[in-house]
Each structure stands twice: as C-alpha cells, then as structure tokens.
Amino acid sequence: MAHPPHSGTTAWRCPSNLAIVKYWGKHSRQLPRNASISLTLSQAHTDTTCSYSIEPDLAGPQLDFRFEGKPMPAFSDKILRYLHSIADELPFIPHLRLEVQSQNSFPHSSGIASSASSMAAMALCLCDIAVASGYMDEADFLRRASHFARLGSGSASRSVYPHLAAWGQHSAIADSSDLYAVPYSEAAPVFHTMHDDICIVSTAEKSVSSTAGHQLMENNPYASARYQQANDRLSELLHALRTGDVPHFGQIAEDEALTLHGMMMCSRPSYMLMEANTIEMIRRIQLYRQESGVAVYFSLDAGPNIHLLYPDEVADAVSIFVQEQIRPLCVQGRIIQDQVGNGPSRLVTV
Ligand code: PMV
C-alpha cells in the first residue's frame, strides 16, 4: 500500500430528503431511469460517527457497526456489502478498520425510510477518511460524497446538498448527471422554507422494499412512458420553482406521488403501499384546499405516510387543519414536523 497507516474520527449529521419528481426504476450500477428532484429536509436526520484506522496488513474491511448504541446485524451486513462494493474506487477499504455509531432523529419504527440520510451520512464520513488519509483531494467534496451516497441508495445522492437537489441527467439542469446529484439553487425563496409534515399512517415494515419496487419497473408495461413523463414534469417543475409558483409545484408533487403508487399497482405482481388512512388524508387535504384556498399539498414516498407540503406563510392555518383533521388519522397522533433545510453538517473531525 502506498499510503502510511492513519487513524481518526469523523462524524456527520445528514438529513433525509423528499423527492417531488420521483426516481422509480434503475439499471446497471445504481443508475436512474429518469431524473429526479428533491427537497432536503432538516428534522429527520441521521448522525453517524466513524472511528477508523487504516492498517496496511489488514485483510478487511473490519466493521463494528452500532445503531442507537446496539449491534444491528441487518444494517451491519448492508454496510459491509456496501464497503466491498466501493472498494474498487476507494483502495483503502480493504485496509480499513471501522467503528460506526449511527442514530436517527426519528424512531426506527416510525415508517420513515432512513436509507437516504444514513447512506449519505456514511458516504460523507468515508469521503472525510479518504481526504484525511490522502486518497482524495478536497475538490468537489460534496459531489464525490453524492456519488458514493448514490452507490448505497439512489435517493441518498440528493441528501448532501442544502435546499433542493437534482439527480439524473436532464437537459434543463446544467452539470446534471446520472452518477451524482447536483444542488439546484434557482428555486424562489418560498421553497427554501417549505414545510413537510410527515404524517405517520403506519409503522409496519413495507410489504415490498424499494429495491424490489425498482426491479419491478423493468417489466412494467408503462415504464418507458413513465420515464418520459418524469423528465417532462421535471422541466415543468423547474419553471414553477424558479417563478415561485406554489400551486403548480403542489400539483406536480401530488401527480408524482399518485403516479409512483400507480406504477406499484400496475407492476406484476401488483402491490399497494397506501393504507385506508392514506387515502382518507388525501381526500381531506384536497377538500380543505378547495374550500379554504390554503396552499397545502401532499406527497408520498414508497410507503403509506403522507407528506404535507405547504409554504411557511400558511403555517398557522395548516396547523389548525392538521390538529383537527389529520392528526386523528395518524398512528398515536404521530407527525414529524419537518422543513426544508441547510443540508448536512460535520459534527467532528479528529
Ligand atoms: O433510494 P431508494 O432506492 O430507496 O429509492 C427511493 C425512491 C423514492 O423514494 C420512492 C423516490 C425518490 O426519488 O426518492
């Protein structure tokens, strides 16, 4: 090995993100079938601390992974497979002894997918290790972190940037790439403080994982029309973002959420991740908007939980609506009040 032994500790806090135009369908080595764009959140985040040493004689990597203070074999195996999978690009990995402590700001069984925040936090730590040990220079640090996050979980590629991020090659986004996400900085200020209340409809594990869902797109008869539609909607969304057109943004967010779940329903085998209360909440949101004129919209991830999207200026009105009509439909009244945020922060480097 060309580099001397090295050891240290690094830690990152990385938020989750919510895609407005969704990534659903992938190929090759974690490459998307269409471009996507997301809001970077702030309250739903993962803190990951990595203590490491690079030992020339080690035939590794050696991993000690703890989630919320306890060993978690399923997560640990996933991280170990991930480390092996990126060893071709980070040649210190076979010599890496790594102790990882990870925790989420939201309960593990809250029904919120943590792969975006956790894989992005992990990738940021690995890039710190690569820089500190001389395997990487600091140029384009976030872009490289996004690349490694993508290899762990596609949506994680977008979590490394503040406010909004786009992943996937698209003619209307300069520098966009299938290999990593890029920050999208042309959105009007109203989108930099957008709220996302995550309304927990179910905490049960999903019946079909995202990995399996992406795979099922390969034989979905509507797949190519869907990929074209996503790219077209992204062009439309960029216009709404730049001009501060919240109703148009909201319309696209809702269309995309329902299309994502529509794709699941017409996969073979078909499946449904929405629950009865998901649909009841959608009805209440649309009716409330129609009757009050308040700009509140919904989105969904690959699960039953409703993401309630609204600009800061209507937060007081929405809060009353949520208390009266949405919270009673949530598991134990659980809602994570989130908002667009400033992206990841480094917690420590020694
Ligand atoms: O990153 P993955 O493989 O968990 O896929 C996530 C896909 C969606 O969350 C449904 C959409 C998206 O673009 O984040």
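Some points to look at:
- Counting only Cα atoms, the size of the stretch 134-277 along its three principal axes is 46, 40, 32 Å, in decreasing order.
- Nearby lysines by direct alpha-carbon distance to Lys70 (threshold 24 angstrom, same-chain neighbours under 8 apart not counted): Lys78, Lys206
- Rolling a 1.4 Å probe over the protein heavy atoms gives the chain an accessible area of 42 Å² per residue.
- Prolate/oblate/rounded label for the chain (Cα gyration tensor, a/c 1.5): prolate
- Rounded, prolate or oblate (a/c below 1.5 giving rounded, otherwise prolate when a/b exceeds b/c) for the stretch 25-99 by Cα gyration tensor: oblate
- The stretch 15-83 - percent of accessible surface contributed by carbon and sulfur, probe 1.4 Å: 51
- Two-decimal Rg/Rh across the stretch 163-242, once Rg and the Kirkwood Rh are taken from alpha-carbon atoms: 1.03
- Residue among Cys199, Leu164, Leu241 farthest towards the positive dipole end of the chain, charges placed on Cβ: Cys199
- Relative contact order (percent, whole number), the chain, Cα cutoff 8 Å, 6+ residue spacing: 24
- Whether the stretch 156-207 is rounded, prolate or oblate, judged on the alpha carbon gyration tensor where a/c under 1.5 counts as rounded: oblate
- Other residues with beta-carbon under 15 Å from the beta-carbon of Arg334 carry, at +1 per Lys or Arg and -1 per Asp or Glu, a net charge of -3.
- Taking only the Cα atoms of the stretch 1-150, the radius of gyration and Dmax are 15.6, 47 Å.
- Heavy atoms of Val331 accessible to a 1.4 Å probe, total area in Å² rounded to 10: 40
The values are calculated or read from the model by the stated rules, or taken from the named source; none is laboratory data. No experiment lies behind these values; they were computed from the predicted model shown. Glycine also receives a Cβ, built like all others from the backbone with ideal geometry; neighbour counts cover every protein chain displayed. Calculation scope for accessible area: heavy atoms of the full protein, side chains included, ligands and nucleic acids excluded. Shrake-Rupley method; radii C 1.70, N 1.55, O 1.52, S 1.80 Å.
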